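Note sheet for the following structure.
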Amino acid sequence: MPDAIVIIGENGDIEYVNDGVERVFGYEPDALRRRPLTKLIPERLQPRHNDSLARFIETGERQVDWEYVETVARHRDGHKIPIALSFREGEYDGDRTIIGIVRDISKRKEVESKLKTSRERYRTLVETCPEAILVADARTGFILDANPAAEDLLGRPRDELLTLHHIEIHPVERRAFYQQMFDRHAEHGGVTKNATGFEIARPDGTEIPVEISSTVTELDGHRVIHAIFKDVSERTARERTLDTLRSATRDLMRAETKTEICEIAVSAAEETLDFPLTAVYLEESETQTLRPVSVTENTTKTFDEIPTFDAGDVLAWSVFESGEAAVFEDLKNQPGTYNSETSVETELILPLDDHGIILFGSQCQMEFDEYALDFAGILTANVQSALDRAEREETLSRHRAELEELNRINAVIRDVDRTLVQATTREEIEAAVPQRLATAEPYEFTWVGEYDASAEIVHPVAHAGDENGDTYLESAIRPEDGVRGPATKALETERVVLVEDIATDPSFEPWRDESLDKGYRSLAAIPIRYDETCYGVLVIHADRPDAFDDRECAVLSELGETVGLALAGIESRKALLSDCVAEIEVESNDSNIFFVQLPQEIECELDPLGTTLSSDGSLLCFVSVSGVSSDDVLDPLSRFDEITDVRVVHERDDECVLELRHDNISFMTALADRGATIARATADEDGARGVVELPTDANVRQTIATIQDAFPDTRVVAQRERDKPEPTVTEFRTTLDESLTDRQWTALETAYLVGFFEWPRISTGEEVAASLDVSPPTFHQHPRRTQSKLVDTFFDR
């Protein structure tokens, strides 16, 4: 028998023990017989034992439960052993005894101790665990235990939690789902780890996303579910932030404009960061100003007017210039704050490279955690990249638009050039140019006008693009108003004049209503000119403001010169082909030019022989001076600024021929451009007179204006037409033949036939002289005289 049996008498001595005492106490049975029971009792318990035994013997009172009691005993080697006792009365050899059954419960106590330690450790772990732990009855679903972390997570004290059913800690609308999950887990058991997609509900209605790990186990004979609830709000918020950031990044990469990019950035920041005041500012480089492009609704409500930041010492501009992000607290006391009365307390400003800044603000003191700073930094970098891309695309788009515009303009110019090449009259050019231009977008209406210098007004001569153009021009051009419009200014300045926005340009106010009624929003007035001659003006109306950029103005200016060149060519052809010419006779006796002043000063006569252009572009005038010597002329001529050089060609008696180098050739060029030439002119002490020839269908009025522009005091004394038939070849030869002697003609013809005029010469002068049987000097005189008469005949001198 494993238990020890000990019988003691009334005196407390051991009367009998079985073999079990050796297993329990380490004593052999014989060693304990007739020995006091206190030998097996620890010393501190012996007094109590003696008192209890004496009272029982005397009164029969039992101080302990005889059925079962646990205590400690003393082993033979002195250590204490836990034992379990049960007693009953009996007799042994006729004496009254107490029989005790002793069982060694050391192993059980050891197990219980370990179990207690384990339970204490478990409780400690549960109580100190940072995650919420709940224990629920697997059958009823009621909560049996909860740790402090569960109290914090659920916002309820432990006593209240232990009265709740497990579904009561979840949102009402999904409790059926949570009950199904609980029942399935209770039925099938096992372990669930890190299950996501769940929420718990606090008493105030706040829902918190949690991750649940659970297991089914036995506790005190009950089947329970242990569950760990991990608050994943921060992780969920980060994931949501990352999703927002990824979505915003995709949207930023698809955004086409800087404004759209700024709006996406503000929306992403407002959705993710707890900052009510958010704005994106972009730099306006022309004014060196940071202007708001997109702001949150709260920002709009907070400020009556969203501030702008000019270059200077303000905080926003300092961040933009330095390129370093900065946090500013107690904003109103910060040096450089844009408004010392601002309600904003905290600001985070991040630069967007050379584009601008992103600004986050709050009206209360806030701290930016690492998470918020990281998100703001990543968002800023993405916005900056998107703005870089948008700027590149804007540049490419602008270049493509410019190329398309250039191609459009070039196509128009090529079409006009073809028209100019094919045109044979001025009227044809003036009608065709507006017609071609009016077919090109965005041009709506074009017209050509001539300038009347004497009246200082423009007369329209052709238009295209509007059937009622005559009516518009009559209402828009009112010479009686005395107001100089763009067309007049273009003619006077000889430059392109723009009205970029008809609706707002104050200089165009007299013609605004008529133009806007027609849908015209901008215009360009282009002078039609070539060299020093202005033939008129080309006016182009467009259907949108700012339709004429610098490139287009340059091309249109060149077009004006091309049309002017074509008109000059037509005028020149008229002069060459016309059998009839118009003559304008003019005179002047009070001018500041040398041709009038010199004869009056030294009493001589001047007769211009002709003009030609030198290789350096200056004008060479050949003038015959009679009545004085060359010495009398040279000094006075040196006082005229326009005469840069004088050379005496030859002098004979009181007549000389001078070569005058003249820098100002504008007058002669202007006459040539109109097909006009100076037929003859003379000057003496009474004044200068001259005759200008031009084709009969040339614009006489403009030619007179050209003369009077150059010489304001010139008067027209006569205007007439006369025939000017071109001589035939036979007539030319007859005229030449009549001017030569027989010997001169023979010498000229012989020299030609023997190759004297070839280069290199086939025959020398001496050989020709021998053929003619004359001396070489005599022969050389004949070619010189015949060449002089030939040239005189050709130039009609």
Calculated FRET efficiency for the pair residue 682/residue 758, C-beta based, R₀ 41 Å, to 0.05: 0.50
Cα gyration tensor category, rounded, prolate or oblate, for the chain with a/c compared to 1.5: prolate
Cross-link pairs 39/107; 258/301; 230/332; 258/518 - those with Cα-Cα distance over 30 Å: 230/332; 258/518
Packing-based ranking, highest mean first, of 755-761, 27-33 given that Cβ atoms within 10 Å are counted: 27-33, 755-761
Cα centre as origin, Lys/Arg/Asp/Glu Cβ charges: region 1-141 dipole, Debye: 640 debye
Karplus-derived 3J(HN,Hα), 6.51/-1.76/1.60, for each residue of region 224-239, Hz, glycine and proline x: 10, 10, 8, 9, 10, 9, 10, 5, 10, 4, 5, 5, 4, 4, 5, 5
HN-Hα J in Hz across region 111-125 - Karplus 6.51, -1.76, 1.60, θ = phi - 60°, x for Gly and Pro: 5, 5, 5, 5, 5, 5, 4, 5, 5, 5, 5, 4, 4, 5, 4
Three-way shape call for region 272-329 based on the alpha-carbon gyration tensor, with the a/c threshold at 1.5: oblate
Surface share of carbon and sulfur [accessible, 1.4 angstrom probe, percent] for region 118-265: 51 percent
Length added when fully stretched, residue 649-residue 775, from 0.36 nm per residue minus Cα-Cα: 42.4 nm
Shape category assigned to region 253-353 from the gyration tensor of Cα positions, a/c cut at 1.5: oblate
For residue 356, residues with placed amide H under 5 Å, excluding near neighbours: 283
Charge dipole of the chain about the Cα centre (unit charges at C-beta), most positive-ward option of 181, 764, 261: 181
Assigned charges on the beta-carbon of Lys, Arg, Asp, Glu; the chain dipole about Cα centre (debye): 6080 debye
Square roots of five times the Cα gyration tensor eigenvalues for region 533-631, Å: 43, 19, 15
Amide H partners (placed H, <5 Å) of residue 609, local residues excluded: 622, 623, 624
Amide H contacts of residue 97 (H built 1.01 Å from N, under 5 Å, at least 5 apart or other chain): 90, 91, 92
Charge dipole (debye, nearest 20) of region 103-160; +1 at Cβ of Lys and Arg, -1 at Cβ of Asp and Glu: 540 debye
Nearest-10 value in Å² for the accessible area of residue 399, using the 1.4 Å probe: 100 Å²
Region 72-171 - accessible surface per residue (Å², probe 1.4 Å): 58 Å²
Accessible surface of region 279-408, 1.4 Å probe, proportion on carbon and sulfur as whole %: 44 percent
Per residue accessible area of region 537-658, 1.4 Å probe, in Å²: 48 Å²
Solvent accessible area, Å² - residue 163, 1.4 Å probe, full protein context: 90 Å²
Apportionment of accessible area to carbon and sulfur, region 511-570, percent (1.4 Å): 40 percent
Packing-based order for 549-555, 618-624, 378-384, 122-128, using average beta carbon neighbours within 10 Å, highest first: 378-384, 618-624, 549-555, 122-128
Given charges at Cβ of Lys, Arg, Asp, Glu: the chain dipole, positive-most of 519, 4, 471: 4
Protection-proxy order for peptides 54-65, 96-107, each taking the mean of Cβ atoms within 10 Å per residue, highest first: 96-107, 54-65
Spatial separation of Cα centroids for region 368-431 and region 45-86, in angstrom: 109 Å
Hz values of 3J(HN,Hα) by residue in region 97-109 - Karplus curve (6.51, -1.76, 1.60), Gly and Pro given as x: 9, 10, 9, x, 9, 10, 10, 6, 10, 4, 5, 5, 5
Top positive-direction residue, dipole computed over region 275-395 with Cβ charges, set 277, 320, 287: 277
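The values are calculated or read from the model by the stated rules, or taken from the named source; none is laboratory data. No experiment lies behind these values; they were computed from the predicted model shown. Heads up, the Cβs are rebuilt from the backbone with ideal geometry, glycines too, and the neighbour counts pull from every protein chain shown. Remember, those area values only see protein heavy atoms, side chains included, never the ligands or the DNA or RNA. Shrake-Rupley method; radii C 1.70, N 1.55, O 1.52, S 1.80 Å.
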